[in-house]
1. Report, ordered by chain and residue number, the aspartates and glutamates lying within cross-link reach of Lys189, taken as a straight Cα distance under 16 Å and ignoring same-chain residues fewer than 8 apart.
2. Using a 1.4 Å probe on the protein heavy atoms, what percent of the accessible area of segment 96-169 belongs to carbon and sulfur?
3. Could you give the accessible area per residue of segment 57-207, probe 1.4 Å, as a whole number in Å²?
4. Rounding to the nearest 20 debye, state how big the charge dipole of the chain is about its Cα centre with +1 on each Lys and Arg Cβ and -1 on each Asp and Glu Cβ.
5. Of the heavy-atom accessible surface of segment 1-85 (probe 1.4 angstrom), what whole percent is carbon and sulfur?
6. Return the lysines within reach of Lys98: Cα separation strictly under 21 angstrom, same-chain partners fewer than 8 residues apart disregarded; answer none if there are no such residues.
7. What is the distance, in nm, between label points placed 7 Å from the Cα along the Cα-to-Cβ direction at Gln63 and at Asp118?
8. List the lysines whose Cα sits under 16 Å from the Cα of Lys46, skipping any in the same chain fewer than 8 residues away.
Amino acid sequence: MNQLLTQGIILSRTDYGEADRIITLLTPDHGKLRLMAKGVRRVKSKLAGGIELFSISHIAFIQGRGEVGTLVSTRLITHYGDIVKDITRVQAGYDLIKVMNKATEDEPEKEYFVLLNDAFSVLNDASIDLVLIKTWFSAQLLGLSGHQPNLQSDAAGSALNPRATYDFNFDAMAFIEARDGHFAADHIKFIRLLFSPNQPTILQKIQDSDVLLRDLQPLVQTMLSAHIRL
């Protein structure tokens, strides 16, 4: 059988038999792959170094007749090693991987792979706030999955008024004007940026971003939980 080449990010690893492991990888061009890594749990396995968590690797594999193919070879491209130096960032990384695994079907677009790689990159930078990373990741994932909220007009179809305050209607996925609402113009400006292509390194420089995030993180997380079964 012909070997296929791609890049992969580990989403899950399950021990199988005495020395094997079934791994699930997210790839840019083959969707999600489930591959048998034979003998990978042995001390001298040549496969082990290329299937570390929080890494990007070149992989060669053979498609199986069923759902599980065979991993032939691996070569590490990038390992985000600073993540594992901080237990809180390790747990955050596990959470991002878990969410991505549940949010993607068997044939996700390349953008999902790019998003997870970008998330590892910023998670690897200890200067970037964890709440910002998680909220940005959730917003980007909502956008990719087609569940971005309406950030231009309210639930009644009127343009958002910078002088008004709003609450959020989850059924309409839009803001609704409310006297003494929880969200004002600065919140709406910042949530627009969270759903835009901006990276957390840029978002963190915005004035009062930490204050705005305290209000917006529960909102974005509830959106994600409503549309992606976590």
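1. Asp154, Asp167, Glu177, Asp208, Asp210, Asp215
2. Carbon and sulfur together cover 44 percent of it.
3. So segment 57-207 comes to 53 Å² accessible per residue, rounded to a whole number.
4. Approximately 960 debye in magnitude.
5. Heavy-atom surface of segment 1-85 belonging to carbon and sulfur, 1.4 Å probe: 46 percent.
6. Those lysines meeting the cut-off are Lys32, Lys85, Lys110, Lys134.
7. Rounded to a tenth, the inter-label distance reads 2.9 nm.
8. Lys38
The values are calculated or read from the model by the stated rules, or taken from the named source; none is laboratory data. Quantities reported herein were computed from a predicted structural model and do not represent experimental measurements. With ideal geometry, Cβ positions are generated from the backbone for all residues, glycine too; neighbour counts draw on all protein chains shown. Heavy atoms of the whole protein, side chains included, go into the accessibility calculation; ligands, DNA and RNA do not. Shrake-Rupley method; radii C 1.70, N 1.55, O 1.52, S 1.80 Å.
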